[in-house]
Amino acid sequence: MRPGWTGRGTPRRRSSGRRRASRPGPQGIGADSRERRNGLYLQAHEVAGLAGISKNTLLRWLKAGKVPEVARDRNGWRIFSEEDVARIRAYAGKITPPEVYARDATGAENANGEAA
């Protein structure tokens, strides 16, 4: 058998020991956003980060109809315009935590564990 052959009809590839140089990745929020003819569109995780909520919360709000559904690209992925982001941030600002987590300005609690 010839050197460099495995015996199965295909030559064995030898590594040169060098690795390919990787390209630098996207930097910061919005770096991997999609550009369209009419402007910049953001992805769900980027919008959630800007609104201060989790991506799952954003998707749950969309399914429940709490915020209007947004456009989708040809692959079915949601794409958010600047107007969509403004609506979601406004809705996120209206939400208040349940009374269980409410505290007064000093953070003091009474004997029952309730906010004073």
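What follows draws every value from the coordinates through simple rules; no lab data is involved. Worth saying up front: this structure is predicted, and the values here are computed from it rather than measured. Please note: Cβ atoms are built from the backbone with ideal geometry, for glycine as well, and neighbour counts cover all protein chains shown.
Residue count for segment 49-71 under the criterion of being β-branched (Val, Ile, Thr), closer than 16 Å to residue 95 by Cβ and not in a helix (DSSP H, G or I): the result is 2. Taking (1) assigned to a helix (DSSP H, G or I); (2) within 16 Å of residue 43 (Cβ to Cβ) in turn, residue 74 satisfies each apart from (1).
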